[in-house]
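Student: For reference, the structure I am asking about is given below.
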Amino acid sequence: MMENMAGEETRTTHTRAATSTAERAERDTAADKAPEAGDTPGRAPMAASARSTRTWATRLVVVGIVLSALNLRPAITSLGALLEEVRDGLGMSGGVAGVLTSVPSLCFAVFGVTAPRLARRFGPAAVVCAGMVAIAAGLLIRPYAGSTAGFLAASALALMGIAVSNVLMPVIVKRWFPDRVGSMTGLYSMALALGTSTAAAVTVPMTEALGGSWRSGLAVWAGLAAAAVLPWLPLVRDRGTASAGESAPEPVREAEERRQQAPLRITRSGTARALAVFFGLQATAAYITMGWMAQIFRDAGVAASTAGLLLAVTMVMGVPLAFVIPRLATRLPQQGPIVLVLGLCGLSGYAGLYFAPAAGAWAWAVLLGVSNCAFPLALTMVGMRARTSAGVAQLSAFAQSTGYLISIPGPLLVGVLYQHSGGWGLPIALMAGLMLPQMAVGVLAGRDRTVEDEAAR
């Protein structure tokens, strides 16, 4: 009897629960179909319109990221291809030309620190848009400035635009694509590598096609920068994310915005310091490679044309790997293993340059090209080591500005060692020696932690 009563009670309870669940589902369905208080008949079309607007805005951001990345190096590599013609045309001394090759790192360090403050005031999209305008204006003005001082000033204007855009690209990625940091950083890095190698490869033949004037060969790159302005124009009023926080109540959104705007004591973070040193050492290696590798091969007996092709191979390696490495990095809790693999490739390449520079030239070029892909890895870690877009902005500015300052002496020191030793043994030993601390700080920077947590301690 008791068992029957208990069974009946259980069935009754289940029946009531099922009935209650069915009633709630029916009420929820009716509520979904019925207009809420204060709704208007046009709310559904308005929501659909808002979704469509966000979709198009996201597409514009993708186009803007790609076009902006394409413009972050041609100002430098196009000048390198025509530096001798520029020196002759402006009567530029060798010392001034040497200063000119050091200006990019200095401008990146000096102007990059202003990017977070400008982004807080005007929004990242507006600042990147202004950066593209500055690049276009500087590239258009500098060939026709008429003097060395004017050429340097116009170059600084273009480099200022590059500097703030360098810092804010990871911020844009974090804000608009928080769940796709790896793939979008890869796309951006791949476009940057493509712009770098393309400008180096086509500037001279394009100059010849335009009549042989170095002024036309440099000015033509302003057109690409002008095209990069267009996608950002509809987004200059955007101050926040495309989707984050849209469903939160207004007080919650305001509190979150205030929290994100609070500056971090970024230098308290060991991860931030490690990432800054890692960024500086990988930039040092990249600039040494771009500036001296072709000469190393030529001094080893490799033909000048072949040495140029070897340098091009090294640079082109960054195009596919810059897309693959960030995607892989975001799938790992720690990025130390990737840092070590890239570092070992660099050490192997330097060992090859020391012992058999001509015999294995193509292998060393490939290995050093793989090693130089520490740059997209560093950008990916910037996006991963901070939780908020404001944190990414501060970390990006600190790591890149400090890193570019660190990178300034490296290429100059290699030149001094080469001149005084009369060979490449000491310079290559320096390059290999710098790879060891790069690997060490890279492992520290790749640990699974955030700068917000460390700065708050």
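Student: Keeping all protein chains in position, work out how much accessible area E84 exposes to a 1.4 Å probe, and write it in Å² to the nearest 10.
Tutor: Surface open to solvent at E84 totals about 130 Å².
Student: For the stretch 175-188, just list the computed ³J(HN,Hα) in residue order, Karplus coefficients 6.51, -1.76 and 1.60, θ = phi - 60°, integers in Hz, with x standing in for Gly and Pro.
Tutor: Rounded to whole hertz, the list is 6, 8, 9, x, 9, 9, 4, x, 5, 6, 5, x, 4, 5.
Student: Give, as a single signed number, the net charge of other residues whose beta carbon lies under 15 Å from the beta carbon of G182, with Lys and Arg counted +1 and Asp and Glu -1. Walk me through the numbers on the way to the answer.
Tutor: Values: positive: K174, R180, R327, R331, R385; negative: D179, D448.
Once positives and negatives cancel, what remains is +3.
The values are calculated or read from the model by the stated rules, or taken from the named source; none is laboratory data. Here the structure is a predicted model, which is why all the values come from computation and not from measurement. FYI the Cβ positions are ideal-geometry reconstructions off the backbone, even for glycines, and counts take in every protein chain you see. To get the accessible areas, we keep the full protein, side chains included, count just its heavy atoms, and leave off ligands, DNA and RNA. Shrake-Rupley method; radii C 1.70, N 1.55, O 1.52, S 1.80 Å.
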